[in-house]
Each structure stands twice: as structure tokens, then as C-alpha cells.
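I have placed the structure first, in the form of C-alpha cells, so that the comments after it can refer back to it.
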Amino acid sequence: MSETVRIKQLGGDEEFGAYVARPDGEAKAAIIVIQEIFGVNAGIRRKCDLLAEDGYLAVAPDLFWPLEPGIELDPDIEPEFQKALDLMGKFDQDQGVRDIEATIKWARNQGCGKVGAVGYCLGGRLAFMTAARTDSDATVGYYAVGVDNLLREKHAIARPLMLHIPTEDGFVDKDTQKAMHDGLDDHPKVTLHDYEGMDHGFATQFGKRRHDECADLADRRTKEFFAEHLG
């Protein structure tokens, strides 16, 4: 069962929308699904639906609401891809993490004892920030961008974090990947997985960026990670 709900922002009176997929029966935990730069589009909603099928309450907040509420873009359509890049440039990431925190609090108020998060692309970066700045019980980031500039926050990561890193990511160069490994390989709460030859977006639910074999591997690792830390 799916629906759209309204969640109140932290420290303010405004609300933002969120797509919610509910499991049959009682949820074993909740997972916040953090969007790419394309909004809460069909692919993100499908990620939520699949998590609900696995027994989780899945919630995807509309993080671009201060810019264009409800926007959905297709990465395979070039003008829409360019618009997404423009939105990313205007997006307040600190506010985005606060909205994720508000969503975590909303999910806990739904009766979920544990709440995790998973993010993709920009959402992967926000997943790292979520692990460092919120009480998410377990967090996963796919092809996170710019993590080398966030490593100063790694000391604040107190709960498990998993990052999926494609080695041929057009948005994350080799130096950045090395910095991620150098900074995080020995962190007791962080697990990194490399995907040789893969590019950014390999685990997208729909579209030409997807690589079925590696997407399935990453998703299986994510599923096992959440089962261990949330289930």
C-alpha cells in the first residue's frame, strides 16, 4: 500500500511531501529512501515498493521541495538531466539532512523501533551526512559524490554505514575514491564495496544506466546489511 504524506520540517512550520510504501502487516523497521538529483521519481518510488515487499516501512521525502515541490525527472532525457544538475547546484544539503532527520522522526512516531536510510547519487552523499548527523540506525549510500570533502565528519559516525563505489564513476574520480578508502577503510562502523568497471547510477531501478548483475549484487549486500542491523 502506498500513499503521500506531509511531514513537518524541523524548527519550522512548513511541511514537505513524502512517498510512503507500507508492508503487509506490521513493519519490522523503517527505511528512508534518499532521492537522486531527479526527485522522487518512478525509480525511487519503486525502491520504496520493493523495501515494503521485504517488510519495511519505506519513506522517500521530497528533498527538493524548497526549489520545485514534487518534481520528477528522467535521467535518460538530456534536458531533464541538465535541469537536475541545475537543481543540485541550488540545493541546500544541510537543509536536506534536516529534512531527512525530520523524516526519521516521523517514521519512529509510526511505531518503528529502528529506522535506517539508503541514498543514491546526491542521496548517497546525503546518506553519509545522515550517518554522521542523525540517529539513523543503519545507513547505505550508492555512488555517493564528494565524500572526500565530508571525511572531517567521520568521527561522528556511530552506527553502521555501507557505501557502494563504482570504480569508473564519471562523477567520482580515482583520487576521490582513494581518499574514501584511505579515510574510511579502518573505520569500525564503515564498510566499502567497490564495483569494478561500473559507472555512476549502475543500480538505478530503471533506465540505461542500470547494470543488472552489479545492481543485484549491491542490492543483495544492502538487503543483508539491513537485515542484520534493522531486522
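Filter region 101-127 for residues that are of a type in the set (S, T, N, Q) and assigned to a helix (DSSP H, G or I) and give the result.
Those that are of a type in the set (S, T, N, Q) and assigned to a helix (DSSP H, G or I): THR103, ASN109.
When you scan region 128-179, how many residues do you find that are within 17 Å of the chain's Cα centre (by Cα), closer than 17 Å to ASP194 by Cβ, in a loop (DSSP other than H, G, I, E, B) and among the small types (Gly, Ala, Ser)?
Looking only at that region, the number is 1.
Just the residues that are more than 20 Å from ILE31 (Cα to Cα) and assigned to a helix (DSSP H, G or I), please, taken from region 201-231.
Scanning region 201-231 gives ASP212, GLU213, CYS214.
Scan region 134-149 for residues that are farther than 22 Å from LEU57 by Cα and of a type outside the set (A, V, I, L, M, F, W, C) and report the count.
So the count comes out to 4.
From GLU14, GLU53, which residue is open to solvent by 70 Å² or more (accessible area, probe 1.4 Å), within 21 Å of GLY141 (Cα to Cα) and over 17 Å from the mean Cα position of the chain (by Cα)? Give the steps one after another, and end with the answer.
On the way: GLU14 fails: within 21 Å of GLY141 (Cα to Cα).
Of GLU14, GLU53, the one residue that is open to solvent by 70 Å² or more (accessible area, probe 1.4 Å), within 21 Å of GLY141 (Cα to Cα) and over 17 Å from the mean Cα position of the chain (by Cα) is GLU53.
Testing ASP76 on (1) loosely packed, with under 15 Cβ neighbours inside 10 Å; (2) in contact (Cβ under 8 Å) with a residue 40 or more places away in the chain; (3) within 26 Å of GLY231 (Cα to Cα), one condition comes back false. Which one is that?
Looking at each condition in turn, ASP76 falls short on (3).
Name every residue in region 82-100 that is free of Cβ contacts under 8 Å to residues at least 12 places away in the same chain and either open to solvent by less than 50 Å² (accessible area, probe 1.4 Å) or within 17 Å of HIS200 (Cα to Cα) (or both), in order of residue number.
GLN82
The values are calculated or read from the model by the stated rules, or taken from the named source; none is laboratory data. Given the structure is predicted, the values throughout are model-derived calculations rather than measurements. Counting neighbours? That spans all protein chains shown, and the Cβs are built from the backbone with ideal geometry, glycine included. Ligands, DNA and RNA are stripped out before the accessible areas are found, and what is left, the full protein with its side chains, is counted by its heavy atoms. Shrake-Rupley method; radii C 1.70, N 1.55, O 1.52, S 1.80 Å.
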